[in-house]
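Working notes, structure below.
Just so it is clear, none of the values below were taken in a lab; they were calculated from the coordinates. For clarity, every value in this text was computed on a predicted model and none was experimentally measured. Note that we place each Cβ from the backbone using ideal geometry, even for glycine, and neighbour counts take in every protein chain shown.
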Amino acid sequence: MTVRVQDSADVSPDAVIGEGSSIWHLAQVREHAVLGSQCVVGRGAYIGEGVVMGQRCKVQNYALVYEPARLGDGVFIGPAVVLTNDHFPRAVNPDGSLKSASDWEPVGVAIEEGASVGARAVCVAPVRIGAWATVAAGAVVTKDVPAHALVAGVPARRIGWVGRAGEP
C-alpha cells in the first residue's frame, strides 16, 4: 500500500499519513495531524493542526475539521461539515486588540468509532458524538450525542436510534 497525495494538496511534512490513505486536490493537512491507515480526505477539505483520525475515516469535500478534533476508526464526515474549536469566538479582545493564538484555548469535537456526520452539519465544540451515531445533514450539534442515536435539526435533537449499518 502507498499513500496517494494529489499535487495540489497541501500536506505538512510534520503530518503523519497512514498507509493506503488518499488526500485529494486542494485539501490541506496541517502540522502534527495524524491520519490512520486507509483514510480519505476529499477535495478542499481542511484537517487542522494536531487532529487525530483513526483508521478508514472519510472526510468528504470541503469539510473543515479544526484542531483539536479526534475521530475514531471508521468515522464519516460529510461534505461541507464543520467541526468547530472555539467556545467563545471573537475577533478582538475586550480592549479592542486583535486576538492572537495565545488569547484563546481551542476545544475539540470527539467523534467515536463508526459515527457519521451528514452534509453541512455543524458540531459546536466541545461535544462528543457517540459510537455509530448519525448526525443528519444540516444539523447543528450543541450537546453530546449518545452512541447509536440519530439526531437532526437546529439545535440537533434525538429523533431515533440506528444500528451499525446506519439504519433504524
- Message: Can you say what percent of the DSSP beta bridges in the chain, counting only those with both residues inside, are antiparallel? Round to 5.
- Response: 10 percent
- Given the candidates Gln6, Ala133, Leu71, the one whose Cα lies deepest towards the positive end of the charge dipole of the chain, counting +1 at each Lys or Arg C-beta and -1 at each Asp or Glu C-beta, is Ala133
- Query: Of Ala121, Gln55, Gly42, which is farthest along the charge dipole of the chain in the positive direction, counting Lys and Arg as +1 and Asp and Glu as -1 at C-beta?
  - Reply: Ala121
- Query: Just in the stretch 84-157: which trypsin sites (Lys or Arg not before Pro) are loop by DSSP and have at most 13 other Cβ atoms within 10 Å?
  - Reply: Arg90, Lys99, Lys143
- Averaging sequence separations of C-alpha pairs under 8 Å and six or more residues apart, then dividing by the length of the chain, give the relative contact order as a whole percent. 12 percent
- Toward the positive end of the charge dipole of the chain, about the Cα centre and with charges on Cβ (Lys, Arg +1; Asp, Glu -1), which of Val162, Val107, Ala27 goes farthest? Val162
